[in-house]
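The values are calculated or read from the model by the stated rules, or taken from the named source; none is laboratory data. In this text the structure is predicted, and so the values were computed from the model without any measurement. Reconstructed Cβ throughout: ideal geometry from the backbone, glycine too, with neighbour counts over all protein chains shown.
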Amino acid sequence: MPDLTTLSRPEPIATAEKPALVGLSREELAEALVAIGVPAAQTRMRIAQLWHWIYVRGATDFGAMTSMSKALRADLDRHYTVGRPEIVSEQVSEDGTRKWLFRFPSRGAGRPVEVETVYIPEEGRGTLCLSSQVGCTLACTFCHTGTQKLVRNLTAGEIVGQVMMARDRLGDYPGLTATDGAAVPETGRLVSNIVMMGMGEPLYNFDNVKQALLIASDGEGIGLSRRRITLSTSGVVPMIPRTGEETGVMLAISLHAVRDDLRDELVPLNRKYPLAQLLEACRTYPGISNARRITFEYVMLKGVNDSLAEARDLVRLLKGMPAKINLIPFNPWPGTAYECSDWDQIERFADVVNRAGYASPIRTPRGRDILAACGQLKSESERLKIRERMALEAMIAG
């Protein structure tokens, strides 16, 4: 279907003129309020009001925040924004999956940057797949995003902004309805689950991702259960304990191979943090239990990692660990040399894992027709060289 519309301290989303309050912690909101003359004694009350209007009601301008005085709303509007990312394009798959291309300010990249965000509606839940970086440094050979060089990290506000914009478009705030009859779950919240599985490696942008996920799980705001938030990593071992301790979200590991030599090829990060180190970090992940299992993602590549011997090795590798194995049929993208395993082979592989006592669902490919499936996300953002950036700025200046 065609387009419907054509590791630093967290920073707010910003327009050319004003910074945004979306993505700020309560402490940062207090600083922002004091900076425009709000008495320190009032900040706690004002923060509660802003938090409610921004994250519960989905207000997109200060004028709607009627529990605050007109004078304060005017002051806020002069200095800040509750803006959203710009939508460059919105695509809808034949299966109801939505993919947005969002645009953010350059922040040193030389030109505005773009990321993709995907919404997957299912019976009883709606999952939002968020990006954490523009591009990626990991260069996993089966992943389309890996062919795009890293441009920059997203800020906490830009990560939360993806959630806000998706909820706007889906009608997931009081008084809103879904745009153009969007496919949504029949019951419950429209955005009920978040997965950090979009563009980028979340643990290479830990501070911003952490702040965004704490906002998403805050009970007085967006209010998603931490058991409905999953962070997926390719295996940045030193950051895995901090993820459990400081965010409390579910963990997913982008595994894809059971031998170091093959994983070195598929996931080059394995050369730095090999399987033994990665699995030890998983076994000691804070809060791991049968109720909080680690998900291991395993993309099925024909003739590469899909033999029954590898299925048995996978079971031995994870023995004794509370785990679930998601088998992901490879989603092709332009220029890839890999093929998806035959469906019969995927089912045989799953049967070996299931008989060993591990849940091993085969992930139904979603949004393939709009390149929205797992491993297919990529934007055209590129970091400008200094000379190109100077030329662009000179052109803008006239």
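Residues being among the hydroxyl-bearing types (Ser, Thr, Tyr) and touching a Pro at 6+ places or on another chain (Cβ under 9 Å): count how many of those fall in region 235-252. Of the residues in that region, 1 qualify. Residue 325 meets the conditions (1) farther than 25 Å from residue 240 by Cα; (2) surrounded by 17 or more Cβ atoms within 10 Å (Cβ to Cβ) in every case but one. The failed one is (1). When 351, 306, 261 are screened for being modelled with pLDDT of 95 or more and part of a loop (DSSP other than H, G, I, E, B), only 306 passes. Residues in region 327-346 that are under 20 Å from residue 254 (Cα atoms) and either touching a Leu at 6+ places or on another chain (Cβ under 6 Å) or not in a loop (DSSP other than H, G, I, E, B) (or both): 327, 328, 329, 330, 338, 340, 346.
Here is a yes/no grid of residues against (1) farther than 30 Å from residue 46 by Cβ; (2) in a helix (DSSP H, G or I); (3) in the same structural domain as residue 122 (by TED's automatic domain parsing); (4) out of contact with any strand residue (DSSP E or B) (no Cβ under 6 Å at 6 or more places or on another chain):
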{"position": "209", "(1), (2), (3), (4)": "no, yes, yes, yes"}
{"position": "223", "(1), (2), (3), (4)": "no, no, yes, yes"}
{"position": "238", "(1), (2), (3), (4)": "yes, yes, yes, yes"}
{"position": "244", "(1), (2), (3), (4)": "yes, yes, yes, yes"}
{"position": "252", "(1), (2), (3), (4)": "yes, no, yes, no"}
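Scan region 87-94 and tell me whether some residue there is touching a helix residue (DSSP H, G or I) at 6+ places or on another chain (Cβ under 8 Å), surrounded by fewer than 14 Cβ atoms within 10 Å (Cβ to Cβ), modelled with pLDDT under 90 and assigned by TED's automatic domain parsing to the domain that holds residue 222. Yes, there is a match, as at least one residue in region 87-94 is touching a helix residue (DSSP H, G or I) at 6+ places or on another chain (Cβ under 8 Å), surrounded by fewer than 14 Cβ atoms within 10 Å (Cβ to Cβ), modelled with pLDDT under 90 and assigned by TED's automatic domain parsing to the domain that holds residue 222. Report yes if some residue within region 262-276 is within 23 Å of residue 202 (Cβ to Cβ), surrounded by 21 or more Cβ atoms within 10 Å (Cβ to Cβ) and of a type in the set (Ser, Thr, Tyr); otherwise report no. Scanning region 262-276 turns up no residue that is within 23 Å of residue 202 (Cβ to Cβ), surrounded by 21 or more Cβ atoms within 10 Å (Cβ to Cβ) and of a type in the set (Ser, Thr, Tyr). Scanning region 101-125 for residues being surrounded by fewer than 24 Cβ atoms within 10 Å (Cβ to Cβ) and either over 17 Å from the mean Cα position of the chain (by Cα) or not acidic (Asp, Glu) (or both) gives a total of 17. Figure legend. Inter-residue proximity from region 28-42: first residues closer than 12 Å to residue 75 by Cβ, second residues among the charged types (D, E, K, R), beta-carbon distance below 9 Å, spacing 6+ or different chains. Indicated pairs: 33/46; 36/75; 36/78; 37/75; 38/46; 38/75.
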